[in-house]
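The structure under discussion appears below in the form of structure tokens.
The values are calculated or read from the model by the stated rules, or taken from the named source; none is laboratory data. Computed from a predicted model, the values in this text were never measured in an experiment. All Cβ positions, glycine included, derive from the backbone under ideal geometry; neighbour counts span all protein chains shown. Surface accessibility is based on the protein's heavy atoms, side chains included, excluding ligands, DNA and RNA. Shrake-Rupley method; radii C 1.70, N 1.55, O 1.52, S 1.80 Å.
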Amino acid sequence: LSGIIVAGLMRNVILRTASSLSENAQTLTRMRVPAEIFSMAAALEVAANFLVSLLPLVAIILISGAAISATAPLIVVPTALLLMFAFGVGLALAPAVARFVDTLPLVAILLGLVTYLAPVFYPFSIVPDHYQFIVELNPLYHFLNIFREMLYGDGIGALDDYLIAGGYTVAALALGGWLFARGRMRAIALL
């Protein structure tokens, strides 16, 4: 369940942020409002839903008799990293989604593939050694490792997971911000 919730956060932030330009095109053409505000609002909306979805997870952990780690409150850190990563990816996709109608459903399919390639529904240990590098290339894998370790592993996560997740986050924000700034006006003009 923890994997599904984290994967859902990534998926929903990307999809909502990516569709923010097309959903708010009329407002953006009529008023001088920074387009990034709508993208950020969409991401924060999903983050609020994520916080609510943590309640059933905690309840299930407690009902099943498992203990919640003392480091559980620190899940704010991987959650914020994942939120920023997904926001950056969504920003990068937003101009394309506004210009090409079929982009969002294709992104949703690709995000399903990303979810299945990360150990969301299965333990990483069942992946054969010669295929583990494929799973480790998936950004979601590193966010999941940190989140799970903090929630019920009594740790704060491995340094390499932080470095890789942080690298993905910085790259996604930089590329997303650049592509969004470059393509937003052109995309809005076409709507």
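Quick rundown of the values:
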{"quantity": "Residue within segment 4-25 that is under 13 Å from the mean Cα position of the chain (by Cα), farther than 23 Å from L173 by Cα and either surrounded by 13 or more Cβ atoms within 10 Å (Cβ to Cβ) or in contact (Cβ under 8 Å) with a residue 40 or more places away in the chain (or both) present", "calculated": "yes"}
{"quantity": "Answer from F121, F147, F143 - the residue that is of a type outside the set (D, E), closer than 28 Å to G65 by Cβ, in contact (Cβ under 8 Å) with a residue 60 or more places away in the chain and surrounded by fewer than 13 Cβ atoms within 10 Å (Cβ to Cβ)", "calculated": "F121"}
{"quantity": "Count of segment 57-76 residues which are of a type outside the set (S, T, Y) and open to solvent by less than 70 Å² (accessible area, probe 1.4 Å)", "calculated": "9"}
{"quantity": "Filtered residue count, segment 70-115, keeping only those that are assigned to a helix (DSSP H, G or I) and within 30 Å of G155 (Cα to Cα)", "calculated": "23"}
{"quantity": "Residue check for M10: in a helix (DSSP H, G or I) and within 18 Å of E149 (Cβ to Cβ)", "calculated": "yes"}
{"quantity": "Some residue of segment 161-169 being closer than 27 Å to P56 by Cα, outside any helix (DSSP H, G or I) and open to solvent by 20 Å² or more (accessible area, probe 1.4 Å)", "calculated": "no"}
{"quantity": "Residue that is surrounded by the fewest Cβ atoms within 10 Å (Cβ to Cβ) [pool: residues in segment 85-106 that are in contact (Cβ under 8 Å) with a residue 60 or more places away in the chain and either touching a Cys at 6+ places or on another chain (Cβ under 8 Å) or farther than 18 Å from G183 by Cα (or both)]", "calculated": "F85"}
